[in-house]
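For reference, the structure is listed below as structure tokens.
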Amino acid sequence: MTTTSQRVTAWTPQEGISSAVELFTRTFGTDPAGVWASPGRVNLIGDHVDYNGGLCLPIALPHQTYVALSPAEDGRIRIVSDFEGVEVWEGRIEDIAPGGVEGWVAYAAGPAWVLREDGLDVGGFDAAITSCVPVGAGLSSSAAVECSMALGLAELAGRPFSGDDADRARLAALCTRAENLVAGAPTGGLDQAASLRAGDAHALLLDCADGAAHQVKLPFDEQGHAILAIDTHASHQLGDGQYADRRASCEEAASLLGVGSLREVADTTSVVDLDAVLDGLPEGTLRSRTRHVLTEIWRVQEFVTALEAGDIATAGRLMVESHASLRDDFEVSVAELDTVVEAAMAAGASGARMTGGGFGGSVVVVAPERQVAAIAEGVRELARRRGLPEPQVHQVRASAAGGRLR
Ligand code: ADP
Ligand code: MG
């Protein structure tokens, strides 16, 4: 990782390959059969809409997790990761069943079990994992591990997953299953879709109602705009039931409105009918949370239209509106996120918003390249003045999905 005036950039693929091969060779004493990698992601817009069958728009990051792999004849599995110091886990495929492994091993080994359940001939293997995806920053280091392992293990088992989107969607679903069942994290599939289905210089418009994905070309490079993912370093507090509470509100609202999901309401109404729709709900949080979900789905659609027209100013305005909606209507923001958004906008960003589940994590910023240094300084300065942790600024670009590198 390179640090330039408070900005952190990802490893180059060559640096990533070298680090994984070096760890493999140092640990197992041989050269690996191959190296695979898969990226983290950041969602440009469309949060807390996935479980409402809505639309979201992630990009894959240049930050990837790298896996060097070789088959092992005797069914023995050894996995080493640079995560929290270097540890080697040793076991067999049967040990990986849900409940059998925990911590980082569940994320790293889970795909082996799921692929085998799906009928692939996954036997013993040696794996060395290295990563430059920030962990626990809401940038999906977990999916990066799962997807890189799954790509490699499937290929070793004689079933390489092609670049075909339907094929990639299948692998993404298996990785989501691994995160749900083996790691025990009830996530929805956005992360794995971004890691395996995103395209270079494109965002992935993911329809969470049916899993369909479309590539949206981004105008940022050609208009001299940068994308920043700014980790607030605020501690995650999602475990305290907030996520489940928001989900339950959305389900209750859908049921009171007589629909299967709030997406159906978004598709059959528009902003002019919003008050009439909300009148069908009791006053209070049910109304405000529903207002977030509906307006957020519409904002994703408007955002895509703006991007296709090369209209970054409108896209930026929609990001700021999205942040206000998540903060005021959905109540999932925290001071650390609001501070970074405020400082980035004050320092000349085109748009900024919290990204992901909230209660910590990262802010995504779109800004003219020439403003990036001022934004990096501005967010650190305002956080310092408010006594908040120092945010870390990652300059990113929309990158390609995972695949084999060596
Ligand atoms: P995020 O995906 O936003 O970074 P999560 O809590 O979903 O946060 O996932 C983080 C977990 O993923 C880590 O605690 C660890 O268990 C696993 N993980 C992340 N990176 C690695 C890695 N390089 N090797 C092994 N496990 C990893
Ligand atoms: Mg994750």
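The values are calculated or read from the model by the stated rules, or taken from the named source; none is laboratory data. Not measured: the values here are computed from a predicted model. Ideal geometry is used to build each Cβ from the backbone, glycine not excepted, and the neighbour counts take in all protein chains shown.
Looking only at residues in segment 136-186 that are among the charged types (D, E, K, R) and within 14 Å of ligand 1 (Cβ to nearest atom), the one that is surrounded by the fewest Cβ atoms within 10 Å (Cβ to Cβ) is GLU179. Is it true that some residue in segment 167-178 is modelled with pLDDT of 95 or more, farther than 30 Å from ALA112 by Cβ and not polar (S, T, N, Q)? The answer is no, given that none of the residues of segment 167-178 is modelled with pLDDT of 95 or more, farther than 30 Å from ALA112 by Cβ and not polar (S, T, N, Q). Any residue at all in segment 358-375 that is among the hydroxyl-bearing types (Ser, Thr, Tyr), in contact (Cβ under 8 Å) with a residue 12 or more places away in the chain and surrounded by fewer than 24 Cβ atoms within 10 Å (Cβ to Cβ)? No, segment 358-375 has no match at all. Can you pull out the residues in segment 142-164 that are over 18 Å from the mean Cα position of the chain (by Cα) and under 16 Å from ALA60 (Cβ atoms)? Residues satisfying the conditions are PHE161, GLY163.
Among the residues of segment 20-47, those identified as farther than 20 Å from VAL145 by Cα and either buried (at least 24 other Cβ atoms within 10 Å of the Cβ) or at pLDDT below 95 (or both) are LEU44, ILE45, GLY46, ASP47. Scanning segment 73-87 for residues that are within 15 Å of ligand 1 (Cβ to nearest atom), surrounded by fewer than 18 Cβ atoms within 10 Å (Cβ to Cβ) and at pLDDT 95 or above turns up just one, ARG78. Quick check, is ALA266 of a type in the set (Gly, Ala, Ser), within 16 Å of ligand 1 (Cβ to nearest atom) and at pLDDT 95 or above? Spelling it out, it is not the case that ALA266 is of a type in the set (Gly, Ala, Ser), within 16 Å of ligand 1 (Cβ to nearest atom) and at pLDDT 95 or above. Within segment 125-141, take every residue that is in contact with an Asp or Glu (Cβ under 6 Å, 6 or more places away or on another chain) and not hydrophobic (A, V, I, L, M, F, W, C) and give me the one that is farthest from THR355 (Cα to Cα). Among those that are in contact with an Asp or Glu (Cβ under 6 Å, 6 or more places away or on another chain) and not hydrophobic (A, V, I, L, M, F, W, C), it is THR130. Taking the stated definitions as given, is VAL101 surrounded by fewer than 23 Cβ atoms within 10 Å (Cβ to Cβ), within 14 Å of ligand 1 (Cβ to nearest atom) and part of a strand (DSSP E or B)? So VAL101 fails the test. Listed by position, the strands (runs of 3 or more DSSP E) inside segment 1-80 whose residues that are touching a residue at least 24 places away in the same chain (Cβ under 8 Å) and out of contact with any Cys (no Cβ under 8 Å at 6 or more places or on another chain) number at least 3 are 7-9, 34-43, 58-72. Return yes when GLY351 is at pLDDT below 95, crowded, with 22+ Cβ neighbours inside 10 Å and closer than 20 Å to VAL300 by Cα and no when it is not. For GLY351, the condition - at pLDDT below 95, crowded, with 22+ Cβ neighbours inside 10 Å and closer than 20 Å to VAL300 by Cα - is not met.
Applying the condition of being hydrophobic (A, V, I, L, M, F, W, C) and in contact (Cβ under 8 Å) with a residue 40 or more places away in the chain to segment 119-134 and asking which residue is farthest from ligand 2 (Cβ to nearest atom) yields PHE125.
Residue-by-condition table, conditions (1) more than 16 Å from ligand 2 (Cβ to nearest atom); (2) within 21 Å of the chain's Cα centre (by Cα); (3) in the same structural domain as GLY199 (by TED's automatic domain parsing); (4) of a type outside the set (S, T, N, Q):
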{"residue": "GLY46", "(1), (2), (3), (4)": "yes, yes, yes, yes"}
{"residue": "ASN52", "(1), (2), (3), (4)": "yes, yes, yes, no"}
{"residue": "ILE77", "(1), (2), (3), (4)": "yes, no, yes, yes"}
{"residue": "GLY103", "(1), (2), (3), (4)": "no, yes, yes, yes"}
{"residue": "GLU117", "(1), (2), (3), (4)": "yes, no, yes, yes"}
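Among the residues of segment 184-208, those that are among the small types (Gly, Ala, Ser) and either at pLDDT 95 or above or part of a helix (DSSP H, G or I) (or both) comprise ALA193, ALA194, SER195, ALA198, GLY199, ALA201, ALA203.
Can you confirm whether segment 137-148 contains a residue that is closer than 23 Å to PHE83 by Cα and either more than 11 Å from ligand 2 (Cβ to nearest atom) or not assigned by TED's automatic domain parsing to the domain that holds GLY123 (or both)? Scanning segment 137-148, I find at least one residue that is closer than 23 Å to PHE83 by Cα and either more than 11 Å from ligand 2 (Cβ to nearest atom) or not assigned by TED's automatic domain parsing to the domain that holds GLY123 (or both), so the answer is yes.
With respect to the conditions (1) assigned to a helix (DSSP H, G or I); (2) over 17 Å from CYS56 (Cβ atoms), GLY310 falls short on a single one, namely (1).
Across segment 224-247, the number of residues qualifying as surrounded by fewer than 14 Cβ atoms within 10 Å (Cβ to Cβ) and modelled with pLDDT of 95 or more comes to 1.
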